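Notes follow once the structure below has been shown.
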Amino acid sequence: MADALPEMPAVAADPELLARVRTGRTLTPVDVPSAGALPPGGQLKIVDPDGALAAVVEMRADRSELDYCCVFLRPGG
């Protein structure tokens, strides 16, 4: 599914980031350093170590946090 968004910047999640995403915890530019370059409203896809799409997030207007647009669970977990 990650291939469906080829124009969107991507970040490969390490286990810690993936756990944050899977449990819906708040994400900040500290958690996703490459998100710091996003403008307000800019979107980023987060992929798991296998390249599967884990989430799409969007930078808040105040650039303090990333809001989840979608979170994708892999079959079986």
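We did not get these values from a lab; they are worked out from the coordinates using the rules stated. It should be emphasised that the depicted structure is a prediction, and the values quoted were computed from it without experimental measurement.
Quick check on the stretch 1-41: take the gyration tensor over C-alpha atoms, sort the square-rooted eigenvalues as a ≥ b ≥ c, and tell me if it's rounded (a/c under 1.5), prolate or oblate. Cα axes put the stretch 1-41 in the oblate bin.
Please state the shape class of the stretch 2-71: rounded when a/c is under 1.5, otherwise prolate if a/b exceeds b/c and oblate if not, all from the C-alpha gyration tensor.
Oblate, because a/c is 1.5 or more while a/b does not exceed b/c.
Grab the Cα-Cα distance for Glu16 and Cys70, subtract it from 0.36 nm times how many residues apart they are, and report the gain in nm with one decimal. Using 0.36 nm per residue and subtracting the Cα-Cα distance, I get 17.6 nm.
Across the chain, the relative contact order, built from alpha-carbon pairs under 8 Å that are at least six residues apart, equals 31 percent.
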